[in-house]
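To start, the structure itself, in structure tokens.
Every number in this text was worked out from the coordinates using simple rules, so none of it is lab data. Everything numeric in this text was worked out from a predicted model, so none of it was measured. Cβ sites come from the backbone with ideal geometry, for glycine too, and all protein chains shown count toward neighbours.
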Amino acid sequence: MGQSGFKPPSQKRSSAVNCLMPSKALYLKKPGEFKQILKKGKAFRSNFFILYAIPFNKDTSQGRLGISVSKAAVPTAVQRNRIKRLAREIWRTLPKEKIVKDIVLIVKKGTDAKENRFIVKEITYNLNKVLS
């Protein structure tokens with residue numbers, strides 16, 4: 001290995017890559033954070049999603065998004081990841097001054113059968129309704 005001239009890639013990311021990656025502070029990760037919002041939050045329901053929202057904690061600089069897609073609602077991992085990816089992209093592109101709440105997005109059964117454009121439209125509509 002040492003004689004072949006192989007050098008492992010640097011662990012440091014370039015600044016161009018870092019600006020494209022979303023901040024982890026934009027998302028809820030801990031189960032306690034989810035439980036708090038589900039317990040205290042106001043629910044908004046649609047055909048394919050349930051959103052719970054509370055005003056964001058002053059410890060964070062802006063609201064955060066938590067996404068819950070159960071295996072019972074969406075059986076295949078590919079489809080679960082697709083829905084989560086779409087929701088994260090919509091959240092990332094929202095204006096920062098508009099994000100004033102911590103939100104948990106729960107996906108209902110049957111959402112995986114819908115096309116991307118329908119899911120994007122539905123999530124965008126519901127997030128705008130919750131954040132206004």
Determine which aspartates and glutamates satisfy two conditions relative to Lys108: a Cα distance under 20 Å, and not lying fewer than 8 residues away in the same chain.
Glu89, Glu122
Taking H as built 1.01 Å from N, whose amide H comes closer than 5 Å to the amide H of Ile103, not counting residues under 5 places away?
Arg64, Leu65, Gly66
Least to most buried among Thr93, Thr124 (fewest other Cβ within 10 Å first):
Thr93, Thr124
What translational diffusion coefficient, in µm²/s and rounded to a whole number, does the Stokes-Einstein relation yield for the range 25-131 at 37 °C and a viscosity of 0.692 mPa s, taking the hydrodynamic radius as the Kirkwood radius over Cα pairs?
238
So which aspartates and glutamates pass the test for Lys58, namely a Cα distance under 18 Å, with those fewer than 8 places away in the same chain ruled out?
Glu33, Glu97, Asp102
Filter on Lys71/Lys96; Lys39/Lys109; Lys30/Lys121; Lys96/Lys129; Lys39/Lys114 - keep pairs with C-alpha separation over 26 Å
Lys71/Lys96; Lys30/Lys121; Lys39/Lys114
When the chain is fully extended, how far beyond the present Cα-Cα distance does Arg117 get from Ala25, taking 0.36 nm per residue of separation?
30.4 nm
I need the trypsin sites (Lys or Arg not before Pro) found in the range 72-132, filtered to DSSP loop residues with at most 12 other beta carbons within 10 Å of theirs.
Lys109
